[in-house]
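The values are calculated or read from the model by the stated rules, or taken from the named source; none is laboratory data. Please read all numbers here as calculations on a predicted model, not as lab measurements. Every residue, glycine among them, receives a Cβ derived from its backbone with ideal geometry; neighbour counts consider all protein chains shown.
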Amino acid sequence: MLSQPISTISARTTDRVCEVAWFSDLCGEDTEFISVREPANSTFDHCRNIALTAERLGFNNLLLPTSYMIGQEVIPFAAGVAPDLHNINLLTAIRCGEMHPPMLARSLASLDHMLQGRLTINIINSDLPGYREDADFRYQRCAETIQILKQAWTSDRIEHDGPVYGKISLAIDPVRPYQQNGGPLLYFGGTSDGARDVCARYCDVFLMWPETEELLYANMQDVSERAARYGRQVDFGLRIHVIVRETEAEARAWSRHIMSKFDPVRGAAMKQASQSSWSLGVKRQNALREAADTDGYVEPLLWTDIGKARSGAGGALVGSADQIVDKINRYMDMGIRAFIFSGYPLMAEAEHFARLVLPRLPQTTLSRLQNRMPAIG
């Protein structure tokens with residue numbers, strides 16, 4: 001752990017605040033036991049109930065993931081649930097390449113109006129389902145997608161000429177978003193040099209998966225320096241699971257409970273199903289788990305066994321309310337300003353977190369802080 005986690009990193013948000021998001025199960029991941037799927041929890045109604053619960057409990061944002069697995073598709077789900085939500089933002093994951101960028105810009109602008117400016121975008125740069133694609137091609141496609149989105153939301157016309165999408169010349173009248181100051185905030189995660197460069201050049205929030213404090217801080221320094229070379233600043237976020245109870249013993253007991261039906265064969269199959277098991281980010285999560293002690297902890301509170309059955313974020317904070325609040329404060333001291341938490345099962349763990357931790361955090365909504373959306377009320 002960092003001896004003195006006081007950040008010297010140049011970040012976009014200088015105030016010591018945090019956006020606290022929860023996670024909705026659009027990809028078949030809401031379960032009580034790791035490696036055991038419960039398909040009924042991936043229905044529209046169940047995922048809608050998670051969104052309503054997160055809003056009722058006071059979370060600032062809600063991540064809607066994308067994956068070619070059992071569950072809901074992101075944009076239709078977000079549009080379907082938008083009329084039921086009044087305060088919470090939706091962090092809507094968009095995989096580059098799945099939709100022609102001008103039409104994607106139009107779809108997202110429409111969704112932004114449905115949410116009255118409470119839309120944020122998680123840019124995904126992974127392979128398209130069923131493909132193994134050249135990494136440099138993916139970075140170029142991602143960069144061009146973002147360029148076209150930004151033109152559509154801020155310029156008089158889309159005038160694009162690139163190796164992936166060729167020449168595009170369009171009026172932008174149909175695609176103005178609700179958020180007029182640049183459109184929705186763009187969140188982006190990636191481990192490779194190409195991915196980090198895309199984030200530093202174009203995006204607003206760099207999302208990280210769980211690692212030790214030293215590794216997280218090194219990632220932040222790298223992306224901050226890259227952004228500075230483009231004359232920019234970005235904020236930093238952490239996507240991580242959490243188990244919080246009144247005592248550490250209770251939290252650790254629940255971690256053992258959710259692993260009590262773990263099947264390594266089934267868990268490995270679930271990791272492979274996401275089609276990202278070969279990515280550098282997943283390899284680093286696997287390496288983190290391999291460095292853990294016999295109980296699965298790689299540093300105090302950071303438990304890695306949860307990554308045995310999922311290819312994305314593979315670590316969880318496990319501890320008492322005081323311990324979790326202290327850990328989040330350390331992360332904020334490092335310069336992290338956005339957190340995306342989740343737990344198994346999602347609605348029950350959201351209740352624990354909202355009761356024990358949420359009132360003790362200096363919450364904000366980054367899009368409101370950056371003047372992308374109007375104040376509520």
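Screening region 275-357 for strands (runs of 3 or more DSSP E) wholly inside it with 3 or more residues that are surrounded by fewer than 23 Cβ atoms within 10 Å (Cβ to Cβ) returns the ranges 297-299. State whether the residues of region 115-130 include one that is on the phi > 0 side of the Ramachandran plot and buried (at least 17 other Cβ atoms within 10 Å of the Cβ). Yes: region 115-130 contains one or more residues that are on the phi > 0 side of the Ramachandran plot and buried (at least 17 other Cβ atoms within 10 Å of the Cβ). Give me the residue from region 358-370 that is within 16 Å of the chain's Cα centre (by Cα) and part of a helix (DSSP H, G or I) and, out of that set, surrounded by the fewest Cβ atoms within 10 Å (Cβ to Cβ). It comes out as S367.
Residues checked against (1) at pLDDT below 95; (2) over 21 Å from the mean Cα position of the chain (by Cα); (3) farther than 26 Å from R368 by Cα:
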site	(1), (2), (3)
G190	yes, no, no
F206	no, no, no
E213	no, no, yes
Q233	no, no, no
F236	no, no, no
R239	no, no, no
R256	no, yes, yes
P264	yes, yes, yes
M270	yes, no, yes
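Residues in region 61-76 that are buried (at least 19 other Cβ atoms within 10 Å of the Cβ) and part of a helix (DSSP H, G or I): 2 in all. Touching a residue at least 24 places away in the same chain (Cβ under 8 Å), within 18 Å of F188 (Cβ to Cβ), within 22 Å of the chain's Cα centre (by Cα) and surrounded by 11 or more Cβ atoms within 10 Å (Cβ to Cβ) - does that describe any residue in region 151-160? No, there is no match, as no residue in region 151-160 is touching a residue at least 24 places away in the same chain (Cβ under 8 Å), within 18 Å of F188 (Cβ to Cβ), within 22 Å of the chain's Cα centre (by Cα) and surrounded by 11 or more Cβ atoms within 10 Å (Cβ to Cβ). Exactly one residue out of V81, V20 is more than 27 Å from V234 (Cα to Cα) and either without any contact (Cβ under 8 Å) to a residue 60 or more places away in the chain or not in a helix (DSSP H, G or I) (or both): that is V81. Would you say S320 is modelled with pLDDT of 95 or more and either acidic (D, E) or over 16 Å from the mean Cα position of the chain (by Cα) (or both)? Against the criterion (modelled with pLDDT of 95 or more and either acidic (D, E) or over 16 Å from the mean Cα position of the chain (by Cα) (or both)), S320 qualifies.
Yes/no matrix, rows are residues, columns are (1) out of contact with any strand residue (DSSP E or B) (no Cβ under 7 Å at 6 or more places or on another chain); (2) closer than 29 Å to E349 by Cβ:
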{"residue": "G190", "(1), (2)": "yes, yes"}
{"residue": "G194", "(1), (2)": "yes, no"}
{"residue": "D197", "(1), (2)": "yes, no"}
{"residue": "C203", "(1), (2)": "no, yes"}
{"residue": "L207", "(1), (2)": "no, yes"}
{"residue": "R245", "(1), (2)": "no, yes"}
{"residue": "R252", "(1), (2)": "no, yes"}
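Of all the listed residues (I50, I75), the sole one being farther than 30 Å from D263 by Cβ and modelled with pLDDT of 95 or more is I75. With respect to the conditions (1) of a type in the set (F, W, Y); (2) part of a helix (DSSP H, G or I); (3) surrounded by fewer than 19 Cβ atoms within 10 Å (Cβ to Cβ), Y217 falls short on a single one, namely (3).
With the structure loaded, tell me whether M103 is free of Cβ contacts under 8 Å to residues at least 24 places away in the same chain and part of a loop (DSSP other than H, G, I, E, B) or whether it fails that test. Answer is no for this residue. Scanning region 317-360 for residues that are touching a strand residue (DSSP E or B) at 6+ places or on another chain (Cβ under 7 Å), closer than 22 Å to A292 by Cβ and aromatic (F, W, Y) yields Y331, F339, F341.
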